[in-house]
Amino acid sequence: MKKFLIIFIAAILVGIVGYFAFIYYVPYSEGYRSGELIKFSRKGVLVKTWEGQISQGLSGTNVFSFSVEDSEKEIIEKMKEFQGQYIKVSYKERYATFFWLGDTKYFITEVKSEKSPIFRN
C-alpha cells in the first residue's frame, strides 16, 4: 500500500509539472500584428503584470490585447518609448496563461516602430 501511494503521488506531481511546462513552453500560435499602441500599463493587485493594447483600425474597433513578461526588459522599455506610435509586434499565443505572467494568452516577443499606413507625412 505504501509503494502504491508513493507511485500515485509521484505520478500526480509529474503530471502537474508536465502540464505547467506544456502551457509555458509550447506555443499555440506565433504571428505578427501592427497598429497604434494605445495602452501599456503595469497592473494587478497581488501580482503586477505588463498589459497593453494595439488599435488596428481608425476608430479603435479592432483592439489587440497582449501581455509582456517581466523578464523582457528591452521590450518593456521600447513599449514605453513607442506609446501612441504605430508599431509592429511579434507574439506567441499560449494555450492558457498563469495569473503571474499576464491577463492574456498573447505574449510579445519583439517590437519595432513602423510608419503608419494611414497617416503619411
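The values are calculated or read from the model by the stated rules, or taken from the named source; none is laboratory data. In this text the structure is predicted, and so the values were computed from the model without any measurement. Every residue, glycine as well, gets a Cβ built from its backbone with ideal geometry; the counts of neighbours run over all protein chains shown.
Of the residues PHE22, PHE64, PHE82, PHE40, only one is farther than 13 Å from ILE108 by Cβ and either touching a Cys at 6+ places or on another chain (Cβ under 9 Å) or not β-branched (Val, Ile, Thr) (or both); which? Lay out the reasoning, then the answer.
Values: PHE64 fails: farther than 13 Å from ILE108 by Cβ; PHE82 fails: farther than 13 Å from ILE108 by Cβ; PHE40 fails: farther than 13 Å from ILE108 by Cβ.
Every option except PHE22 fails the conditions.
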Quick check on this structure: which one of TYR91, TYR95 is touching a Phe, Trp or Tyr at 6+ places or on another chain (Cβ under 8 Å), at pLDDT 95 or above and aromatic (Phe, Trp, Tyr)?
TYR91
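Scan segment 1-18 and tell me whether some residue there is surrounded by 11 or more Cβ atoms within 10 Å (Cβ to Cβ) and without any contact (Cβ under 8 Å) to a residue 60 or more places away in the chain. Spell out the reasoning first.
Quick first cut of segment 1-18, residues surrounded by 11 or more Cβ atoms within 10 Å (Cβ to Cβ) only: none.
No, segment 1-18 contains no residue that is surrounded by 11 or more Cβ atoms within 10 Å (Cβ to Cβ) and without any contact (Cβ under 8 Å) to a residue 60 or more places away in the chain.
Being assigned to a strand (DSSP E or B) and of a type in the set (Asp, Glu) is the filter here; which residues of segment 42-76 pass it?
Going through segment 42-76, the residues assigned to a strand (DSSP E or B) turn out to be 42-43, 49-55, 63-68.
Hit for segment 42-76 is GLU51, nothing else.
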Taking the stated definitions as given, is LYS39 more than 17 Å from ILE118 (Cα to Cα), in a helix (DSSP H, G or I), touching a strand residue (DSSP E or B) at 6+ places or on another chain (Cβ under 6 Å) and at pLDDT 90 or above?
no
Go through the residues of segment 31-38 one by one and say whether even a single one is surrounded by 11 or more Cβ atoms within 10 Å (Cβ to Cβ), of a type outside the set (Phe, Trp, Tyr) and without any contact (Cβ under 8 Å) to a residue 40 or more places away in the chain.
no
Looking at ARG33, ARG42, which is the one that is closer than 19 Å to TYR86 by Cβ and of a type outside the set (Gly, Ala, Ser)?
ARG33
Please go through segment 91-121 and give me each residue that is loosely packed, with under 14 Cβ neighbours inside 10 Å and in a strand (DSSP E or B), ordered by number.
GLU110, LYS112, SER113
If you go through segment 24-43 one residue at a time, how many are β-branched (Val, Ile, Thr) and within 23 Å of LYS73 (Cβ to Cβ)?
1
Residues of segment 66-88 being touching a helix residue (DSSP H, G or I) at 6+ places or on another chain (Cβ under 9 Å) and touching a residue at least 40 places away in the same chain (Cβ under 8 Å), which ones?
VAL68, ILE87
Considering only residues that are surrounded by 12 or more Cβ atoms within 10 Å (Cβ to Cβ), among the charged types (D, E, K, R) and farther than 15 Å from SER34 by Cβ, which ones fall in segment 65-79?
GLU69, ASP70, GLU72
